[in-house]
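Notes to accompany the following structure.
Coordinate-derived values only; no laboratory data. Only a predicted model underlies this, so the values are computations on that prediction, with no experimental measurement involved. In this analysis, Cβ positions are derived from the backbone assuming ideal geometry, glycine residues included, and neighbour counts consider all displayed protein chains.
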Amino acid sequence: MTKKLLILPGDGIGQEIVAEAVRVIDCLKADFGLNIETEQALVGGTAYDASGSPLPEQTLKLAREADAILLGAVGGYKWEELDISVRPEKGLLGLRSELDLFANLRPAILYPQLADASTLKPDVVSGLDIMIVRELTGGIYFGQPRGVRELEGGERQGYNTLVYRESEIRRIGKVAFDIAGKRDSRVCSVDKANVLECTELWREIVTEEARAYPDIELSHMYVDNAAMQLVRAPKQFDVMVTTNMFGDILSDCAAMLTGSIGMLPSASLDINSKGMYEPIHGSAPDIAGQNVANPLATILSVAMMLRYTLDEAELAGRIESAVSKVLDDGLRTRDIHSVGMREVSTSAMGDAVLAALRA
Ligand code: NAD
C-alpha cells in the first residue's frame, strides 16, 4: 500500500535542508522502488505569517492522515516577540501532543571520520553509538497544576508538577526494550528515584516491564550520575530511557559529545510507530538562506523514517552508507569542516549524497 509522507520544511534553514532530503526521497522513489506519496504544508513562523497560526488546521489534518512526517525546523528572530500562544515552537509542540508522539528517539552517533569534531578526546568518543529514548508528552512539561502564584505577603512563587501514570511509563519502557533488542540489548533507565516519588514509580514500572524482555539487560542510574557518565565514559551506554525533562537535557549533552549538531537526526513515535522525523538542531537563523547549512541530519532523519515507520531498513542502510561515503571522500559543510577537507555548500552536499546513493 502506498504510504503518505507529509513534508514540513518550516522556517530558516528548514527550507534548504528539507529540499535536499526531498531530493533523496525522490531518488529512492525513482531508482529504488520506494512507494510513497508526498505532500507539503506550512508549520511554524511561515505558517503564522500565512494564516495567523503556527499550526494551521489544514497542516494538522494532513499530519493526522500521514504515516510519517518530515520536519525541518521552526523559529527565528522575526517571531520572537509574538505571544507565546502563537510562537513557531507551538506548532511543533502542537504536532507532538495532537499526534500523541510520546517516544522521542535521539541517537548520538559519532562517525569515525568526524572524531576530531568532539570536544572530548577521540578515544573516549570514537565509535560512539547511543540511543536516548525520551518520554515526550508527559512529565513536568505538561503536568498540572502549573503557573506563577502570589503568596501571602505578595511574594510570587513559580510551580510545576511532575506526574507520570503507570501506562505512560510502561509504553516508553516497551519502546526502549524493543529498540535495544535490535541493538546491543542493554537499557539504562535514568531517574531520580532517591528524591522524587514519581520517578520511584518510574523505576518500579520499568523493572516490571523488563520481565517481558529476558534477553535485555536493564540497569538504573540516577540522572546526576548519568550526566557525569555521559562525559566520562559515554561508550558504556547502548539505550538510555528517561523522562521528558531528564531526556531533554541528557540528549543535548549526548548530542554535543559528537560535536556536530548538523549530523544528528531524531524521531518522535506514537504507539503504532507513526512518526515525525526531524534534525535535532533548530532553524539556525544566523545562516539561513546562505546555502551553507548541513543537510545531513535531515537526510539521516529520512533514514530513521525508513527504518522505524516505513519498514524499509535496507533503504535506510543505503542512505547511511551514502552519508558515510561522502564523509570518507572528505566533503564537509562549514559546521564540520576541518583542515584538509573540502568545504561544500548545502546543495553540493545533497548532490554528493545523491551520487553516492546511485553509485
Ligand atoms: P539552532 O540549532 O538553530 O542553532 C545553533 C547553532 O548551530 C547556530 O550557530 C547554527 O548556525 C548552528 N546550526 C544549527 N543547525 C545547523 C546546520 N544544519 N548546519 C550548520 N550549522 C547549524 O539553535 P538556536 O540558535 O538556539 O535556535 C534558533 C531558532 O531555532 C530559535 O527560534 C529556536 O527556538 C529554534 N529551534 C527550533 C528547534 C526545532 O525546530 N526542533 C529546535 C531548537 C531550536
Q) So what's the net charge close to Ile287: Lys and Arg +1, Asp and Glu -1, counting the other residues with Cβ under 12 Å from its Cβ? A) -2
Q: Find which of Leu114, Thr59, Ser97 sits farthest along the positive direction of the dipole of the chain, computed with +1 on the beta-carbon of Lys and Arg, -1 on that of Asp and Glu, about the Cα centre.
A: Leu114
Q: Taking 7 Å along the Cα-to-C-beta vector as the label spot, tell me the Val148-Lys78 distance in nanometres, rounded to one decimal.
A: 2.9 nm
**Q.** Net charge of Cβ neighbours under 13 Å - reference Ala193; Lys, Arg +1; Asp, Glu -1
**A.** -3
Q. Calculated FRET efficiency, Glu343 and Ser321, Cβ-Cβ r, R0 25 Å, to nearest 0.05?
A. 0.65
Q: Give me the lysines in straight-line cross-link reach of Lys78: C-alpha distance below 24 Å, same-chain residues under 8 apart excluded.
A: Lys90
Q) How big is the range 129-257 on each of its three principal axes, counting only the C-alpha atoms and giving the largest first in Å? A) 57, 31, 23
Q. Taking the Cα centre of the range 234-359 as the origin, how large is its charge dipole in debye, to the nearest 20, when only Lys and Arg (+1) and Asp and Glu (-1) carry charge on their Cβ atoms?
A. 240 debye
Q. Which entries in the list Lys4/Lys29; Lys4/Lys325; Lys121/Lys182; Lys121/Lys235; Lys235/Lys325 go over 22 Å, if you measure between the two C-alpha atoms of each?
A. Lys4/Lys325; Lys121/Lys182; Lys235/Lys325
Q. How far apart, in nm, are the 7 Å Cα→Cβ label points at Asn272 and Glu217?
A. 3.7 nm
Q. In debye to the nearest 20, how big a dipole does the chain give about its Cα centre with +1 on each Lys and Arg Cβ and -1 on each Asp and Glu Cβ?
A. 380 debye
Q. About its Cα centre, what dipole magnitude does the range 129-257 give when the only charges are +1 on Lys and Arg Cβ and -1 on Asp and Glu Cβ, stated in debye to the nearest 20?
A. 240 debye
Q: Can you tell me the alpha carbon radius of gyration of the chain divided by the globular rule-of-thumb value 2.2 N^0.38 Å?
A: 0.99
**Q.** Neighbour net charge for Gly44 - beta-carbon separation under 10 angstrom, K R +1, D E -1
**A.** -1
